Amino acid sequence: MNIPENLKYSNDHEWVRVEGEEAYIGITDFAQNELGDIVFVEVETIDETLEKDETFGTVEAVKTVSDLLLPVGGTILELNEKLEDEPELINQDP
């Protein structure tokens, strides 16, 4: 399992990497492995300000759908656009 040391992890299997005033959010390698083949990612909270632990989107795999919980509060600025056409990229590099 890949556990980069430059990331901070939540109990819900999301990670956060802070760079200046922006934070990048993803799911852990463990989470993507447990979910299986990712087929869809939905984030409808772009430009919304959310609190820590609020749901900011969902990730759908062949066997389940899982909520994405924000590990820190803040405003959602954007989604990795590659995931719209290639959600399976999460399985390669969560």
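The values are calculated or read from the model by the stated rules, or taken from the named source; none is laboratory data. If you're wondering where the values come from, they're calculated on a predicted model, not measured in any experiment. Cβ placement follows ideal geometry from the backbone for every residue including glycine, while neighbour counts extend to all protein chains displayed. For the accessible areas, the whole protein counts, side chains as well, though only heavy atoms, and no ligand, DNA or RNA atoms are used. Shrake-Rupley method; radii C 1.70, N 1.55, O 1.52, S 1.80 Å.
This model, with +1 at the C-beta of Lys and Arg and -1 at the C-beta of Asp and Glu, gives the chain a dipole about its Cα centre of some 380 debye. Sorted from greatest to least, the principal axis extents spanned by the alpha carbons of the chain come out as 33, 29, 22 Å.
Here the extension length gained between residue 50 and residue 24 equals 7.9 nm, from 0.36 nm per residue of separation less the Cα-Cα distance.
Surface composition of the chain: carbon and sulfur make up 44 percent of the accessible area, probe 1.4 Å. In the chain, Cα pairs under 8 Å separated by at least six residues give a relative contact order of 27 percent.
Taking every protein chain into account, the accessible area of the chain amounts to 69 square angstrom per residue (probe 1.4 Å). Computed from backbone phi with θ = phi - 60° and the Karplus coefficients 6.51, -1.76 and 1.60, the 3J(HN,Hα) list for segment 31-42 is 4, 5, 5, 5, 5, x, 5, 6, 10, 6, 10, 10 Hz; x is used for glycine and proline. 3J(HN,Hα) along segment 68-74: 9, 9, 6, x, 9, x, x Hz, from the Karplus curve 6.51 cos²θ - 1.76 cosθ + 1.60 with θ = phi - 60°, whole Hz, x for Gly and Pro.
Of the trypsin sites (Lys or Arg not before Pro) in segment 13-94, the ones in a loop by DSSP (not H, G, I, E or B) with at most 14 other beta carbons within 10 Å are 52, 63. When the GluC sites (Glu not before Pro) in segment 44-79 are filtered for DSSP coil states and for at most 15 other beta-carbon atoms within 10 Å of their beta-carbon, the remaining sites are 44, 48, 51, 54, 78. Largest accessible area first, the listed residues 93, 12 line up as 93, 12 when surface is computed with a 1.4 Å probe on the assembled protein chains.
The loop-placed GluC sites (Glu not before Pro) in segment 1-36, going by DSSP, that have at most 10 neighbouring Cβ atoms within 10 Å of their Cβ come out as 5, 21.
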